[in-house]
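This report concerns only the one structure given below.
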Amino acid sequence: MTTRIAVVGGGTGGTVLANKLTSKLAAELDADEVKVILIDETGTHVYKPVWLYVAFGRADPSEGLRPLDDLLDRRVRLRTSRVTDVDTAGKRLTLGDGETLKYDHLVLATGARLVPDRVPGLAEGAHDFYSADGAERLRDALADFSGGRLVLSVAGMPHMCPAAPVEFTLMVEDWLRDRGLREASEVVYTAPTERSHKLPPVADWTDERFDARGVEAHTDFAVERVDPDERTLHAADGRALDYNLLVTIPPHAGVDLVADAGLGDDGWVETDPRTLEAVNAEDVYAIGDTTDIERPMAGSVAHYQAGTVAERIAAGVRGHTPTATYDGKVLCFLEAGLDEATFVSFDYDSLPDLREESKLVHWAKGAYNESYWLTARGLI
Ligand SMILES: Cc1cc2nc3c(=O)[nH]c(=O)nc-3n(C[C@H](O)[C@H](O)[C@H](O)COP(=O)(O)OP(=O)(O)OC[C@H]3O[C@@H](n4cnc5c(N)ncnc54)[C@H](O)[C@@H]3O)c2cc1C
């Protein structure tokens, strides 16, 4: 009998996982004992880190796009369709055209979605760089900006790439300096957390840079609404900040599919932090942004988790007890401006230890962005 492994989502986690499964289960695939099926609603892989650079006119959104057909091992069967229902009791998926698909092992790698409407006025009053369109509109707004109050506000937690708001703030500060607009501008940062960043070592590093570069930071700032006519950002505790240009990290949610299948609240799959198994169903794993695990929503996390799940499923297919576990590893670069960066690396047992920023690490981040397509293919 053929074992059917279904992966939902062709982003970083799903793509790396499907490719890793083909190398771990090469013999079984060749013998037709296993099928790996990846279902993605768009058929296009999106590398989102590019959007940060789009906002500064340093990249084009097309640089972050590849057809999944080009990235997936030829032994992966790609279905371009939206999964509309997961029946975990019957081990069956329903696709957009009504077709049903049986599975033996299911991996959800459906990512997160933006829900700007959860903050009144945000969609009308604020820019973002968390979508290709948003980053292009922000690029144009920055090009027109001639000075004033530029506010970067984290309007919801959790969100993808916890480093990105700090990166954007330090990059825009540099960018204003380069254009001779720094003296005519104020750079303001707000975070809903007690400190400028949830992780204390990152907050310490950030506070030092913000102080040195005159960034005004407001913490415990829970965004309640935006008033686009008055150009004011309001917090739940009554504080209000005026702005000339507002950039927000919009609130995020998981996908409806997850909540409808009873796998977790607000679309986040309730997931065991080490085995990556869904808590509320048998033979279901979750990786990447779609899990409720206390880890940054980062491509590196999805990548490491894909390795763990590939090993666990391969062991299960061979009738062995899966023993591989995820150790909480995270690796993220952090831009400290337009031409310097640092990086953080940590796991469940350690906190990040940040080094001084350097040009070398900035170049390393650029090189990683270029070589990302090898990672997606499961090669590094
Ligand atoms: C501006 C920005 C900068 C970032 N920078 C970094 C960085 O420097 N380093 C880093 O590590 N991370 C970074 N990230 C985060 C990183 O992009 C995400 O953490 C990563 O993409 C998560 O991968 P994923 O596979 O979980 O989800 P995604 O990559 O979002 O993929 C989800 C996939 O699921 C598909 N899907 C969803 N629902 C369905 C359905 N019902 N049926 C079929 N398909 C479905 C979608 O089409 C999509 O292809 C950044 C993110 C942003 C927005």
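The values are calculated or read from the model by the stated rules, or taken from the named source; none is laboratory data. This one's a predicted model, so the numbers in the text were calculated from it and none came from an experiment. Reconstructed Cβ throughout: ideal geometry from the backbone, glycine too, with neighbour counts over all protein chains shown. Keep in mind that these areas ignore ligands, DNA and RNA; they rest on the heavy atoms of the full protein, side chains included. Shrake-Rupley method; radii C 1.70, N 1.55, O 1.52, S 1.80 Å.
Laid out as a table, the results:
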item: Estimated inter-spin distance, GLU230 and ALA123, nm [label 7 Å along Cα→Cβ]; result: 2.2
item: Hydrodynamic radius (Kirkwood) for segment 255-380, which is based on Cα pairs only, to one decimal in Å; result: 16.2
item: Charge dipole of the chain about the Cα centre (unit charges at C-beta), most positive-ward option of ALA135, GLY13, SER153; result: GLY13
item: Degrees, to the nearest 10: 200-212 long Cα axis against longest axis of the chain; result: 30
item: Descending semi-axes in whole angstrom, ellipsoid equivalent of segment 117-251, from the Cα gyration tensor; result: 19, 19, 14
item: Among ALA163, ALA212, ALA341, residue whose mean-square fluctuation peaks in a GNM of the chain (springs only between Cα atoms under 10 Å); result: ALA212
item: GluC sites (Glu not before Pro) within segment 1-53, DSSP loop, no more than 16 other Cβ atoms inside 10 Å; result: GLU33
item: Accessible area (Å², 1.4 Å probe, nearest 10) - LYS359; result: 90
item: Helix 12-24 axis, angle to the chain major axis (alpha carbon atoms, nearest 10°); result: 30
item: Rounded to 5, the percent of DSSP beta bridges in segment 117-251 classed as antiparallel; result: 30
item: Euclidean distance between Cα centres, segment 1-64 to segment 244-304, Å; result: 17
item: Accessible area, probe 1.4 Å, largest first, for residues GLU294, GLU136; result: GLU294, GLU136
item: For the chain: relative contact order, % (alpha-carbon pairs under 8 angstrom, 6 or more apart); result: 19
item: The chain, helix-only ellipticity at 222 nm - DSSP H runs n ≥ 4, -39,500 (n - 2.57), divided by all residues, nearest 500; result: -9000 deg cm²/dmol
item: Over 29 Å [Cα-Cα, the chain], rounded percent; result: 43
item: 0 to 90° range, to nearest 10: angle between helix 164-178 axis and the chain longest Cα axis; result: 40
item: Segment GLU208-ARG92, length gained on full extension (0.36 nm per residue, minus Cα span); result: 36.6 nm
